[in-house]
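Read-outs: derived from the displayed coordinates by stated rules, not from any lab. What you are looking at is a predicted structure, and each value in this text was computed from that prediction instead of being measured. When we count neighbours, we look across all protein chains shown, and the Cβ atoms used for this are built from the backbone with ideal geometry, even at glycine.
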Amino acid sequence: MTIDAEAEADAKRPVVDFATDWDHTDPAWVSNPYPIWDDLRARCPVAHTDRYAAGWFPTTHEMVAEIANDTEHFTSRMVVVTNNKFPPNAPPAPMGGAPPITSDPPFHQFARRLILPAFAPGPVNAMEDQVRALCAKHLDALGDLKEFDAGSQYAQYISPGVIAKMLGFPEANEDLFRDFVHVVLDLVDLAPEERGPLFLPMAEYFNAQIEDHVAHPRDDFTSYLLNVEFNGEKLSLEHVRGTMVLTLVAGIDTTWSAIGSSIWHLAQHPEDLARLVNEPELMPIAIEEFLRFYAPVTMARLVKEDLDFHGCPMKKDDWVLLGFPAANRDPEAFVDADRFIIDRAVNRHAAFGLGIHRCVGSNLARMELRVALEEFIARYPRFELSDASGVTWAPGQVRGPRRIPLRINA
Ligand code: HEM
């Protein structure tokens with residue numbers, strides 16, 4: 001992949017006022033969105049933009065929850081804000097292109113129930129040893145290095161390895177998976193005629209994988225989707241392909257970002273790092289605070305019909321960017337919302353979403369994040385940033401550090 005999304009974002013018209021012209025790919029938002037969201041929450045809790053053919057951005061927990069729970073007025077047909085609300089080949093509602101995340105009720109319930117068993121605690125726990133071995137393999141590869149990039153040399157490898165195994169794809173294709181995710185989630189402000197063709201290699205890859213699995217069925221999620229029957233009927237190939245694409249996209253960038261943000265935090269907070277090293281039983285509670293504080297995922301909706309939302313004149317087909325990460329920093333919803341409290345006792349965060357689309361992969365994500373951090377700090381109990389200015393962040397709706405230059409301390 002040669003297109004650099006961050007350079008693209010830099011080249012765009014800069015935002016002067018996020019209240020009337022927000023852009024989630026603006027460099028200021030990409031590098032540190034929290035002051036922007038705090039400012040909006042205080043003076044204009046539902047921001048507007050004419051970019052991307054018009055959209056809204058609610059910043060309070062209450063409003064994000066209200067929209068996430070309102071499937072009557074908001075559709076999930078498209079959940080990634082781009083310059084194209086009507087891609088020519090996208091399957092229409094109620095299924096959408098990547099069921100169940102792009103599906104509306106009642107189809108959504110069917111598409112979701114179908115995949116729940118694969119993400120239940122039993123199958124997820126059964127993967128823990130493999131995830132641990134994967135982490136150890138990548139840590140071993142770092143050898144005796146005292147300085148390295150924990151983003152590109154560790155965090156980015158864990159989730160692609162897990163998802164490749166789950167879908168039954170060759171692990172050697174990991175670079176390709178990261179390219180696919182980059183096209184779907186990062187290159188969102190390209191013109192439709194530029195972005196559309198970038199999806200072709202992904203479509204070809206998934207078609208080839210489906211053909212291979214039809215010819216050689218095996219015990220993986222792809223074969224499950226191809227063979228599962230509902231009322232005596234198999235799923236359409238469009239449905240199978242859409243759910244495979246969703247699993248790959250939802251399963252890679254999200255967890256990679258969460259692992260990266262957590263390592264980035266620990267590199268700057270030796271007191272938190274020391275507590276995790278000395279009190280390993282704290283890890284599950286700390287994981288929830290990492291997820292709240294650095295929630296990586298923001299998903300979108302489209303407005304179904306013109307409506308007045310708390311005085312905002314929303315128009316049919318306007319985007320609504322659902323700021324789950326902004327909701328997690330709302331002082332009305334969390335005590336000391338802007339403070340990272342590693343042993344925060346009450347933490348009903350929205351990192352995995354709210355409402356019917358709440359993350360199906362949350363058990364898997366939590367396990368991967370826990371194991372990736374446990375293995376990392378067991379190997380490196382003391383580390384810090386070696387070059388704070390060298391840290392870079394992914395633009396768009398899934399936010400996490402891509403480069404984390406670290407120094408390992410004795
Ligand atoms: C830290 C990691 C993760 C975070 C923060 C996260 C976050 C989210 C959020 C916020 C949603 C709701 C989207 C919406 O309302 O439109 C969602 C949905 C979803 N996620 Fe995750 N996710 C993570 C990891 C994963 C993993 C590892 C998988 C599976 C491999 C996964 C699969 C899904 C699926 C299938 C949905 C759609 C559920 C539905 O529409 O009913 N996620 N996720």
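What to note about this one:
- Here is the figure for the stretch 220-244: residues that are assigned to a loop (DSSP other than H, G, I, E, B) and in contact (Cβ under 8 Å) with a residue 24 or more places away in the chain total 3.
- Residue count for the stretch 265-309, restricted to those that are within 16 Å of the ligand (Cβ to nearest atom), of a type outside the set (A, V, I, L, M, F, W, C) and in a strand (DSSP E or B): 1
- Scanning the stretch 103-131 for residues that are away from the ligand (no atom under 11 Å from the Cβ), of a type outside the set (A, V, I, L, M, F, W, C) and not in a loop (DSSP other than H, G, I, E, B) returns 117, 121, 122, 123, 125, 128, 129, 130.
- Within the stretch 314-329, residues that are more than 15 Å from residue 65 (Cβ to Cβ) have Cβ atoms under 7 Å from residues that are within 11 Å of the ligand (Cβ to nearest atom) in these pairs: 319/300, counting only partners at least 6 apart in sequence or on another chain.
- Residue selected from the stretch 147-157 under the condition among the hydrophobic types (A, V, I, L, M, F, W, C) and crowded, with 24+ Cβ neighbours inside 10 Å, by the criterion nearest to residue 203 (Cα to Cα): 155
- Given (1) over 24 Å from residue 104 (Cα atoms); (2) within 16 Å of the ligand (Cβ to nearest atom); (3) of a type in the set (Gly, Ala, Ser); (4) in contact with a Pro (Cβ under 9 Å, 6 or more places away or on another chain), index of the condition residue 333 fails: (4)
- Any hit, the stretch 362-374, residues being under 23 Å from residue 132 (Cβ atoms), touching a Ser or Thr at 6+ places or on another chain (Cβ under 9 Å) and of a type in the set (Val, Ile, Thr): no
- Of the residues making up the stretch 91-102, one or more are more than 16 Å from the ligand (Cβ to nearest atom), loosely packed, with under 13 Cβ neighbours inside 10 Å and outside any helix (DSSP H, G or I).
- Test for residue 375: is it part of a strand (DSSP E or B) and in contact with a Lys or Arg (Cβ under 9 Å, 6 or more places away or on another chain): no
- Residue match in the stretch 356-366 (condition: more than 14 Å from residue 254 (Cα to Cα) and more than 8 Å from the ligand (Cβ to nearest atom)): no
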